[in-house]
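What follows is calculated from the coordinates using simple rules that are stated; it is not laboratory data. Since this is a predicted model, take the numbers as computed values, not measurements. Reconstructed Cβ throughout: ideal geometry from the backbone, glycine too, with neighbour counts over all protein chains shown.
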Amino acid sequence: MIRSSNDQLPIWEGPLPATTARLGATLVLPVPTGNRSLLGPEQAAQYLGQLQRMMRASFGRAYEILLVPYEEGRPADGHLLGRLEAVTNGHPGSRWLEGTHPGPGSAVRAGVFASKGRFVMVGNLEYYYEPDFFIQALAFLRGDRSLTGVRANRRLPDAEFMVPVNLLSMVYRRHLLGMLLTVIWGKFFDIGISDALSGAYVLRRDFALRAFNRITCPWFLYGTELAILARVNGLRLHDIPAHFAMEAEKSRLRLWGEIAKVVAWTFRLAQRTRRAEYRFLRMNGNRLTADDWGLSPGVNEGILLLARAGLLKRVSILAEGRYVSQRLNELKRVKGIEFGLHFNLTCPEAGGTFPSPWRFLLQWAIDRSRSGHGTLGRVRSALQEQLGALRALGIRPVHFDGHHHVHAVPGLLEAVSDILKEHGIRYVRTPYDPTLWVSSRLGVTLLGTLFKGAPGRCSLATSRFLYPTPSDFEDMNRFTDRLDSSPEAEVLVHPAAWDDIAQAAPSDPLRKERVEEYRLLRLLALERSLLSGMESGRGSGWSRLGGRSRSFPFGGWWEGHKQEAIKALNGLPR
């Protein structure tokens, strides 16, 4: 089930895609179920059959066709789905993806993430795009390694339309409206193209995964985001003339609805582009630190999976947590992970000696005002016990921080720095993020402000600090922008693979937020694994590429170049 908040795609919750290809190509076909396809059920079914024959001739058995239904508009009568299901039954390369999607952008993302092909091809059952478009696009990609993808463009001089005569006037007016939209988007985004909404693409796998990891529009405007992503990140999408047909036109009500979406999303995309949120993740020295190991099984599982994915640099451990030993040996075997003490005074379920942060702050302040040492003695004793518990677990901590940031309470670090140095700890967290002054974390920011000079006075190292907010974890683009804007910073996260805090630690306020952090962080790990662009475009499925599809209704420009392109394709090195 795909849920959309404020008309924006939510963070992906399903299984993560494989970063390596197992097939030559995947064809993703979003299927409109809420509105009648502009081809009609019979023509859409014939078109699907042609696409199946084209894929079989081009790739043998090394391909798949994924049909992803989406609902947009009035309820469907089921005739279109019935005809398409009849075509896919008995065809081993075709399968339907389950799920509910509000629009084609959401459906295509699901198809891309489920794909196994080295090349991801996106079709469109709203219109008939000549199947040879995909063969031609693959030839371009195979011949030019600098290309990220190829897109069908309906506004190029050699593009061909095939529509009934009675629709020519409406189609022409919509074509002019599209040209006007192109001019407007050129002013806003500088994407340098004349058609971002054709819905027909062939993309290299690594770009497809990274791009649809960032797409936020569930509707047809995902194509504009795709163009922006390519331009912002210096990647090339090549346009070739579209040759397509349609038997019906969209209703006026639907067109007005789409115009409203265009207006709303144009301003939204412009704002995102201006803030540079569409930049892909860069390797900029961020050190992601996961707190609260030992708090619950769900927390441990989330941290372990992210550590194995290579995303985490540090793990901060609740030494006396009830679940501290659970899967700890597996975590210790992950290369490159640094361990720290997550000093706990305020979580009773994990050995804390105070019932809440406020009780500790009050008692600490009272003792300091009266020059008392009772609370200080409890703090030093708790620190010694927790460091001893880590040693017993075979952990030598190299950094120090506190649950509820208690380590940053004024005067505490100076009072325990001798113990830290005796145990070889030379790094301490400074919980000061200047972006949080106007937020619900004002208290943490005040603590960090008062604490900033303490590490230097105690001859302990520290670094920049980034504390993402819950809203940051709702949007992959915003989160990565914050990472890229804070190089060499310690980034604090609290992931959990599932929510079991109510049972494991009822006093802890972070519940579903931990799961939301985990969902985004695993997508961040996916993008990080794709940074090197591991897909080279070679592999299974290519040996048969170049076979012809059958019974295409178009002649014209492509007919004059088809044999030339296929000959060049077959002559390329494999």
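Given the C-alpha centroids of region 266-288 and region 151-183, what is the distance between them in whole angstrom? When both Cα centres are located, 33 Å separates them.
Annotation: extensible slack from Ser440 through Phe188 equals 87.4 nm (criterion: 0.36 nm per residue apart, minus Cα-Cα distance).
For the pair region 414-443 and region 336-354, the centres of their Cα atoms are 14 angstrom apart. Under Stokes-Einstein, with the Kirkwood radius over Cα pairs as Rh, the value for region 287-529 at 25 °C and 0.890 mPa s is 136 µm²/s. Between Glu385 and Leu253, the contour length at 0.36 nm per residue exceeds the alpha carbon distance by 40.6 nm. Each part gets one Cα centre, and for region 495-520 versus region 84-122 those centres are 33 Å apart. For the chain, DSSP calls about 20 percent of its internal beta bridges antiparallel. What is the angle, in °, between the Cα long axis of helix 374-392 and the longest principal axis of the Cα atoms in the chain? Nearest 10 is fine, range 0 to 90. For 374-392 against the chain, the angle is about 60 degrees. In this calculation the C-beta distance from Ala264 to Asn329 is compared with R0 = 41 Å, giving a FRET efficiency of 0.20.
Each residue in Asp206, Asp190 was given a count of other beta-carbon atoms within 10 angstrom of its own, and listing them fewest first yields Asp190, Asp206. By the helix-only formula, in which each DSSP H run with n ≥ 4 contributes -39500 (n - 2.57) and the sum is divided by residues, the chain has a 222 nm mean residue ellipticity of -13000 deg cm²/dmol. Taking the Cα atoms only, what angle lies between the long axis of helix 104-114 and the longest principal axis of the chain, rounded to 10 degrees? So the inclination is approximately 70 degrees. Mean sequence separation of contacting Cα pairs (under 8 Å, at least six apart), scaled by the length of the chain, corresponds to a relative contact order of 18 percent.
Computed from label points 7 Å out along Cα-Cβ, the spacing between Lys452 and Glu338 is 2.2 nm. As a size descriptor, the averaged projected area of the C-alpha convex hull of the chain was calculated at 28.3 nm². Between 0 and 90 degrees, the angle of helix 412-422 with respect to the longest Cα principal axis of the chain falls at about 90 degrees.
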